[in-house]
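Below you'll find the structure, written out as structure tokens, and then a few comments.
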Amino acid sequence: MQVNIPLKKTIDNSYNITIDTLPKVHFDTKVAIVTNPKVAGLHLAYLLSKISAKELYIITVPDGEEYKNQQSVDIILESLFNHRFNRKSMLIAFGGGVIGDMTGYVASIYQRGIDFIGIPTTLLSQVDASVGGKTGMNNTYGKNLIGAFHQPKAVYIDPHFLTTLPAREFGAGVAEVVKMAVTFDKDFFEFLEKADLKDEKVLQEAIKKAVQTKADVVAQDEKEHGIRAALNYGHTFGHVIENETKYKHFLHGEAVAIGMVMANELSVELGLMQEDEAQRVDMLLKKYDLPTTYDIKDTSSFYDTFFLDKKSSDSSITFIIPVGLGGVKITDDIDADIILSVLEKFGKN
Ligand SMILES: NC(=O)c1ccc[n+]([C@@H]2O[C@H](COP(=O)([O-])OP(=O)(O)OC[C@H]3O[C@@H](n4cnc5c(N)ncnc54)[C@H](O)[C@@H]3O)[C@@H](O)[C@H]2O)c1
């Protein structure tokens with residue numbers, strides 16, 4: 001005997017991402033702005049001059065990736081229960097990717113899901129984390145292992161926030177911009193080669209192109225069954241580097257920058273990228289003071305660590321390989337010998 005539940009997909013989750021000076025917006029509902037003390041100290045007054053609501057609350061959680069965890073999620077949930085938020089209430093994620101991911105996650109679980117809006121304040125979160133509805137938190141088993149796909153209602157990207165961003169954090173965001181250009185858009189890559197991202201107008205244009213690229217990818221494959229995985233270019237290697245250095249030495253974007261250089265080397269080895277194209281990516285990363293070298297002490301241990309990545313299975317590793325500039329291939333079918341020989345090259349630095 002079978003009972004069928006005819007669940008037709010009638011919900012349109014489309015949303016707009018506005019890249020401009022934050023407009024004045026009023027919400028006729030209960031709203032909580034979720035942020036951390038650093039972002040609040042720098043920018044909350046500006047935000048409050050733009051955002052108003054029927055009832056407005058501020059919830060702060062400690063700053064840092066190490067607080068992207070259940071305790072912080074509980075702080076946010078408790079505040080929502082105390083203020084009697086209901087299913088029509090809304091959250092605003094105001095901060096970098098850590099705040100964005102956690103706020104989105106709480107929005108996805110509070111009373112089985114409420115709306116949230118993203119107002120990202122780091123370059124990385126403006127070009128990447130705030131777009132596409134991946135939300136989550138870390139636990140002792142690893143990063144982002146708990147979460148949900150929950151799209152925001154809207155995202156407001158105001159480059160004004162980036163004026164206070166430390167240079168290294170800015171560079172980490174540039175790495176993710178380069179990632180999108182190398183894998184999807186050669187013209188964008190050439191734009192970045194000529195561009196000076198310190199110029200506000202040029203930066204705004206680069207943010208727009210990166211967001212457009214990610215939006216196009218997410219629109220094709222929201223839940224990462226295929227092409228969305230290409231956005232993990234540089235991450236397979238990068239995660240091992242972060243793991244080996246205990247997440248202390250490199251910012252995520254910096255590890256991704258080195259990871260892209262390694263993936264390029266693999267691509268050159270496979271005949272999918274020219275040596276000079278790999279060099280151009282290297283030069284672009286260096287232009288923003290991103291690291292491009294890493295001394296692999298033990299190649300077989302580095303190789304084994306690939307299998308801890310949640311995108312790898314027990315027996316295969318998924319690699320995102322650039323194809324020239326502007327193309328990409330997702331494969332889990334590369335000979336271990338080839339990978340190890342590429343890793344050996346980084347062992348000789
Ligand atoms: N959901 C996704 O698709 C996605 C994609 C990429 C990364 N991520 C996640 O994003 C997180 C990394 O994001 P991040 O790089 O923004 O890190 P982050 O949120 O930790 O921010 C970096 C630092 O900058 C501070 N900061 C934020 N805005 C600032 C400003 N305007 N001026 C000065 N300082 C400011 C933060 O308080 C923090 O100390 C990771 O947890 C990663 O897993 C998610």
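Rounded to the nearest 500 deg cm²/dmol, what is the calculated helix-only ellipticity per residue at 222 nm for the chain, with -39500 (n - 2.57) per DSSP H run of length n ≥ 4?
About -13500 deg cm²/dmol.
Once the cut-off is 24 Å, how many percent of the Cα-Cα pairs in the chain end up in the long-distance tail? Kindly include the intermediate steps, with their values, before the conclusion.
Values: 34263 of 60726 pairs.
Taking all Cα-Cα pairs of the chain, the fraction more than 24 Å apart is 56 percent.
Placing +1 on the Cβ of each Lys and Arg and -1 on the Cβ of each Asp and Glu in the range 18-76, which of Thr18, Val73, Val39 has its Cα farthest towards the positive end of the resulting dipole?
In the range 18-76, that residue is Thr18.
Along the Cα→Cβ direction, 7 angstrom out, place labels at Thr293 and Asp332. What is the inter-label distance in nm?
Placing both labels 7 Å beyond Cα along the Cβ direction yields 3.5 nm.
Just Ser49, Ser130, Ser267 to compare: in a GNM of the chain, with alpha carbon springs under 10 Å, which one fluctuates most?
Maximum fluctuation in the GNM of the chain, among the listed residues, is at Ser49.
Roughly how tilted is helix 97-109, in degrees to the nearest 10 and between 0 and 90, from the longest Cα axis of the chain?
50
Pairs Lys209/Lys329; Lys134/Lys287; Lys38/Lys194; Lys179/Lys286: which exceed 23 Å Cα-Cα?
Correct reply: Lys134/Lys287; Lys38/Lys194.
Taking R0 as 41 Å, what's the FRET efficiency between Thr29 and Asp221 from their Cβ-Cβ distance, rounded to 0.05?
That gives a FRET efficiency of 0.80.
By what distance, in whole Å, do the Cα atoms of the range 193-335 stretch along each of the three principal axes, largest value first?
45, 34, 32
For the chain, set up a GNM with springs between Cα atoms under 10 Å and report which of Ala336, Ala93, Ala181 has the largest fluctuation.
Ala336
How far is it, in nm, from the label point at Phe81 to the one at Ala45 when both lie 7 Å from their Cα along the line to the Cβ?
Simple spin-label model gives 3.6 nm for this pair.
Where nothing but the Cβ of Lys and Arg (+1) and of Asp and Glu (-1) is charged, how large is the charge dipole of the chain around its Cα centre, in debye to the nearest 20?
Charge dipole of the chain: 1580 debye, to the nearest 20.
Given the peptides 54-67, 206-219, arrange them by the average over their residues of other C-beta atoms within 10 Å, most packed first.
Top of the packing list down: 206-219, 54-67.
Where both residues lie in the chain, what percent of DSSP beta bridges are antiparallel, nearest 5?
30
Provide the FRET efficiency to the nearest 0.05 for the Leu7-Ile109 pair, computing r from the beta carbons and using R0 = 22 Å.
0.65
No lab work stands behind these numbers, since they all come straight from the coordinates. What you see is a predicted model, and the numbers here were worked out from it, not measured in a lab. Positions of Cβ are generated from backbone atoms using ideal geometry, with glycine treated the same way; all protein chains shown enter the neighbour counts.
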